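Right, one structure below, let's go through it.
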């Protein structure tokens, strides 16, 4: 489980939290369900969780469905796969 984290004393959580939010950042950081989301359940070499996703074609700069589906479990039976998640903004 993630270690207890404390926000800096001068951190203004109200500036980034909507007025109607049911939780403060401190609530989220102390919630076991939310903390579990930031803790990996898999180790290097473990089998990844299966998922499927629509395959898109971006070759002309626009998003077009190909009619195919990507199935992680199916692809990993054929070859190794590296999944990279991140923000490109």
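Every number in this text was worked out from the coordinates using simple rules, so none of it is lab data. Quick caveat: nothing in here was measured; it's all calculated off a predicted structure. Methodologically, a virtual Cβ is constructed for each residue, glycine included, from the backbone with ideal geometry; neighbour enumeration extends over all protein chains shown.
At 7 Å along Cα-to-Cβ for each site, give me the label-to-label distance between residue 46 and residue 7 in nm.
That separation, rounded to one decimal, is 3.0 nm.
From largest to smallest, what semi-axes in whole angstrom does segment 1-51 give when each is the square root of 5 times an eigenvalue of its alpha carbon gyration tensor?
Working: eigenvalues 172, 38, 16 Å².
Each semi-axis is √(5λ); the values are 29, 14, 9 Å.
If you wrap a convex hull around the C-alpha atoms of the chain and split its volume per residue, what is the figure in Å³? If you can, show how the numbers build up before the last one.
Details: hull volume 17.7 nm³, N = 89.
Output value, Cα hull per residue: 199 Å³.
For the chain, set up a GNM with springs between Cα atoms under 10 Å and report which of 48, 73, 15 has the largest fluctuation.
Top of the fluctuation ranking is 15.
Mind giving me the nanometre distance, one decimal, between the label points for residue 80 and residue 38, set 7 Å out from Cα along Cα→Cβ?
Between residue 80 and residue 38, the simple spin-label model gives 3.1 nm.
When the C-alpha atoms of segment 44-89 are aligned to their principal axes, what extent does each axis show, in angstrom, from largest down?
Here the spans come out as 36, 28, 15 Å, largest first.
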